[in-house]
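See below for the structure under consideration.
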Amino acid sequence: MLGDTEPVDKFIWKRDKFMLVYTALGLLQIAISALYYNHMRISIAVNLGWLTMIAVIVVASMGWQELKKMGQAPEGGSPLRTTVLVDTGIYSVVRHPQYLGFLMFIPALVLLSQHWLSAALGISWGLLFYRDILKEERGNATKFGEEYVVYMERVPGLNPVTGILRLLRGRE
């Protein structure tokens, strides 16, 4: 869910100058991971990297589908432009499944490449994602008010283990 109310357009970089940096860091990390694939020849790291990639796809897809189903976005608009607070499905486990997916993508690339440059780029990329998460939290609190503040207390931002444990305790 995007907290800001600006319309989504093709030129997001005009609104967010960091988008160019995001893109460069992401493409560089992907290129380094491809160029130095299995650099240290640790096959278990590569296998964990690919398993993490599968988890990335699952988590991000679950978030996207739940927004499409429950978000009541304007007709023809992006599911990210929800008009109601979505707290069902994966959003009952973590508040930011798409960001969680992006953040899981970073160590997956590091595991696939096993190269220090991939790790360095990943840390920088992750810090930018964290910046956006904080920005989104503020925007959603403004957009949805007290309902979002209560949701923040109930559901962790990025920790699915805590989210699942809280869900299970709530059902007891």
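Per-structure values
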quantity	calculated
Within a Gaussian network of the chain (alpha carbon springs, distance under 10 Å), most fluctuating of Ile106, Ile44, Ile133	Ile44
Two-decimal Rg to Rh for the range 75-130 - Kirkwood Rh, Cα set	1.13
Listed residue (Ala31, Ile54, Pro97) projecting farthest to the positive dipole end of the chain, Cβ model	Ala31
Separation between Cα centres of the range 45-103 and the range 139-172, rounded to whole Å	15 Å
Inter-probe distance in nm under a simple model that places probes 7 Å from Cα toward Cβ, at Asp16 and Leu48	2.9 nm
Per-selection metrics, the chain (Cα): Rg and Dmax in Å	17.3, 51
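A short reminder: the numbers here are calculations on the coordinates, not readings from a lab. Source: prediction; values computed, not measured. Note: ideal-geometry Cβ built from the backbone for every residue, glycine included; neighbour counts use all protein chains shown.
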